[in-house]
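Working notes, structure below.
The values are calculated or read from the model by the stated rules, or taken from the named source; none is laboratory data. All values reported here derive from a predicted model rather than from experimental measurement. So basically every Cβ, Gly included, is an ideal-geometry build from the backbone, and we count neighbours across all protein chains shown.
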Amino acid sequence: MAELLIELFMEEIPARMQVRAADDFKRLVTDKLAAAGIAFTKAEAHSTPRRLALVVDGVPTAQADVREEKKGPRVGSPEQALAGFLKGAGLASIDQAEQRDTGKGVFYFAVIEKKGGATVDALPAIIDAAIRELPWPKSMRWGANDFRWVRPLHSIIALFDGAVVPGSLNLGAKTIAYGNETQGHRFLSPGAFSVTGFADYKAKLEAAHVVLDREARKRLILDGAQKAAVAEGFRLKDDPGLLEEVAGLVEYPVVLTGAIDDKFMDVPAEVLTTSMRTHQRYFALETTDGKLAPRFVVVANRTTADGGKAVVAGNERVLRARLSDAKFFWDQDLKVKLEDRLPGLKDITFHAKLGTLHQRVERMAALSKSIAQALGYSASEIEQAEIAAWLAKADLTTGVVGEFPEVQGIMGRYVAYHEGLPAPVAEAIADHYKPLGPSDRVPTDKVSVAVALAEKIDTLVAFFGIDEKPTGSRDPFALRRAALGVIRLVVENGLRVKLAAIFAASENLLKNKNPYSLEYSKIENHLKTNRGRMVDLYDEKDLEAAADGLKHFEEQVAVNVPSLLPFFFDRLKVSLKEKGVRHDLIDAVLALGGEDDLVRLLARVDALAAFVATEDGANLLAAAKRASNILRIEEKKDGKSYSEPVDASRLDQPEEKALADALIAAGKQATALVEAEDFTGAMAAFAALRAPLDAFFDKVTVNAEDKELRANRLRLLSQIRDTLALIADFSKIEG
């Protein structure tokens, strides 16, 4: 067995592309090896800023012999069919084929044996194809070459069993021959060197100041940063995303510490860390109480004779310039109140069909008030929710957010505190975007919850209203994320709200506050006050156009918003399935319809899941399915439903009488428990049906010869289905 080593050496690869590219290259090469019938034991991919490397172990030096059989036409077939078979099988005459009796006649078979060739002969084409097929998010051409690649490609190592694979890559204007040479660190170890295999390759790279293993680079960076923080008397702020990115920027990490000027420390910590992280890739340090420390960690790509002093000084100088801008914007932004910024939102378009941001916050404020009222908030909490919604988007007009969009909402909170606004209002301004993802924090403060719900529901209703629903993988307005955000806000806070009612309230606001209706109202009022003396600004065509636009918008909203609740339930199922909840149990509860209280819906699902996991639940489920199947078949055959009440006078056998009595008792008990939302208790009441159901199916013939008796027994089966439907549609449950 031999080893295959490939390295693609180039100019610096963008950090975000490296891991994916290494994995893609590994997949392409190994898939092509497998397609060529070349086995291997394992493959390992590596990436640094200037190289992708792949080592494949356990590769045979020769391909295995292949024996292939091809079935041909029946003996005695026309000459044309025989000729086609011979050509496809590579046979000179039909005498070279075997005749076999397959039991369905005698057919010709061609047995083709191919001797396995040397593996190295197949490698040039495999390597060339893998390189050309490697997908890059962005690529370029350089020089006079017509070959596209992420960055200029300089050399290719291709070693098999210690020898160079004969081959080359044609770039167009030039050709890169496969070889055994690479280069070390650009500054610390310039110059080429040759390698004989992966172990030699890795060792010589390390000697040439290149840490090949990405995870090893990450450990070096993290350990160095943590030690540097402790040495300064602080702790490192956890930032896995930044660690991942920085590991893709350096081949030989050297951790250094710099200082932040004290004059910048009154700027919000989020602004400082965003500037350091996003623009400079610096790690922030914290004090023991979690506040931003006046120090940062920078990871250089080389050692220097002065121990990094010049590097630190240069980075501190760049940071001062960056933070000077942030401080200037911060100082200027504090001079303008959030409420005074609201007129500026009229100049920002939210969406061409949905008007301006000012119209959006107007809807959000009204919806926040409605949600707060529905949740039973106090008068002051309702007022605070409305105020917070009005001010939630005001910081989008600040200079800080213009320079650092990542701090929108957070900036508004700081300005709100500076103005002396109540804490719930300030926190709601910051939290109204949350949660942004499955791992993001869910707001729990009452005012924040109302505003966050209003923001997301307005987004959903608005974009569904203009038919911008997600399709497949396309979701440009992040509506799936918004729906999951609403679900988490409701479920994790235990909110007892009816989604359909909130959607309806949002829909009404959308109709009343959409750009068409506002324009229509403006024109209509103008006409009323200027009847008989039309001005140039408006004429009858303007009025007609506005009226048509409003009519079209209202019709569109009416068509698209009803599909929002099913969309929500789809997202709920996705969310629950990720937590291990069975999809069929969710479907069984949702099949009943009319349930838009998520807390109550999930309580039903939990009770059902616990019940079907018991012996009584499993047996009742089997009996319920049997009843449902019989009823479905007979109703289809008879072309009628048997949903009428059971005629007690026609209950003939003791077992059917006992079942009828048990259904009545269980139904009454379960109805009361369901109304009290004791779904676990209701399931326990159903457990009492197990014995009479077993006895019924054991002793009673449903399809009796007496038509009236048969119909009554089918009605009894229908009553089983209806009774269990107090909790769920048992026919949807699998197993």
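Given the structure, is Phe697 aromatic (Phe, Trp, Tyr) and over 25 Å from Leu602 (Cα atoms)? Show your work before the answer.
On the way: aromatic (Phe, Trp, Tyr): yes; over 25 Å from Leu602 (Cα atoms): yes.
Against the criterion (aromatic (Phe, Trp, Tyr) and over 25 Å from Leu602 (Cα atoms)), Phe697 qualifies.
Before we move on, is Arg27 outside any helix (DSSP H, G or I), surrounded by 14 or more Cβ atoms within 10 Å (Cβ to Cβ) and either free of Cβ contacts under 8 Å to residues at least 12 places away in the same chain or hydroxyl-bearing (Ser, Thr, Tyr) (or both)? When the stated conditions are applied, Arg27 does not pass them. Residues in the stretch 684-701 that are touching a residue at least 60 places away in the same chain (Cβ under 8 Å) and over 18 Å from Ala613 (Cβ atoms): Leu693, Asp694, Phe697.
Hey, does the stretch 58-70 have a residue that's outside the structural domain of Ala177 (by TED's automatic domain parsing), surrounded by 15 or more Cβ atoms within 10 Å (Cβ to Cβ) and either free of Cβ contacts under 8 Å to residues at least 40 places away in the same chain or among the charged types (D, E, K, R) (or both)? Yes - at least one qualifying residue is present in the stretch 58-70.
Here's the yes/no breakdown for (1) buried (at least 18 other Cβ atoms within 10 Å of the Cβ); (2) touching a Gly at 6+ places or on another chain (Cβ under 8 Å); (3) under 30 Å from Ala305 (Cα atoms):
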| position | (1), (2), (3) |
| --- | --- |
| Pro124 | no, yes, no |
| Glu133 | no, no, no |
| Phe160 | yes, no, no |
| Val164 | no, yes, no |
| Gly167 | no, no, no |
| Tyr178 | yes, yes, no |
| Leu188 | no, no, yes |
| Gly191 | no, yes, yes |
| Leu212 | yes, no, yes |
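Inside the stretch 299-323, residues that are under 30 Å from Thr397 (Cα atoms) and in contact (Cβ under 8 Å) with a residue 60 or more places away in the chain make up a count of 2.
Tell me, yes or no, whether the stretch 207-222 has at least one residue that is closer than 18 Å to Ala284 by Cβ and assigned to a loop (DSSP other than H, G, I, E, B). No, the stretch 207-222 contains no residue that is closer than 18 Å to Ala284 by Cβ and assigned to a loop (DSSP other than H, G, I, E, B). A single member of Ala129, Ala83, Ala125, Ala53 is part of a helix (DSSP H, G or I) and touching a helix residue (DSSP H, G or I) at 6+ places or on another chain (Cβ under 8 Å), and it is Ala129. In the set (1) under 28 Å from the mean Cα position of the chain (by Cα); (2) crowded, with 21+ Cβ neighbours inside 10 Å, Ala394 fails one condition alone, (1).
Restricting to the stretch 223-236, name every residue that is touching a Lys or Arg at 6+ places or on another chain (Cβ under 8 Å) and either under 22 Å from Glu12 (Cβ atoms) or assigned to a loop (DSSP other than H, G, I, E, B) (or both). Of everything in the stretch 223-236, those that are touching a Lys or Arg at 6+ places or on another chain (Cβ under 8 Å) and either under 22 Å from Glu12 (Cβ atoms) or assigned to a loop (DSSP other than H, G, I, E, B) (or both) turn out to be Glu232, Phe234.
For Ser189, the test of being assigned to a strand (DSSP E or B) and within 13 Å of Arg50 (Cβ to Cβ) is failed. Here Lys346, Lys353 are screened, and the one residue that is more than 20 Å from Ala501 (Cα to Cα), within 33 Å of the chain's Cα centre (by Cα), in a helix (DSSP H, G or I) and among the basic types (Lys, Arg) is Lys346. Taking Gly116 as the residue in question, decide whether it is farther than 24 Å from Leu159 by Cα and among the small types (Gly, Ala, Ser). No; evaluated as a whole, the condition is false for this residue. Looking at Glu362, Glu381, Glu427, Glu386, just one residue is without any contact (Cβ under 8 Å) to a residue 24 or more places away in the chain and over 30 Å from Lys327 (Cβ atoms), and that residue is Glu386.
In this structure, is Lys346 assigned by TED's automatic domain parsing to the domain that holds Val447, in contact with a helix residue (DSSP H, G or I) (Cβ under 7 Å, 6 or more places away or on another chain), within 30 Å of Lys456 (Cα to Cα) and loosely packed, with under 15 Cβ neighbours inside 10 Å?
yes
Restricting the first member to the stretch 482-504 and to residues that are closer than 21 Å to Phe464 by Cα, and the second to residues that are hydroxyl-bearing (Ser, Thr, Tyr) and surrounded by 20 or more Cβ atoms within 10 Å (Cβ to Cβ), the beta-carbon pairs closer than 8 Å and six or more apart or on different chains are Ala482/Thr459; Ile502/Ser370.
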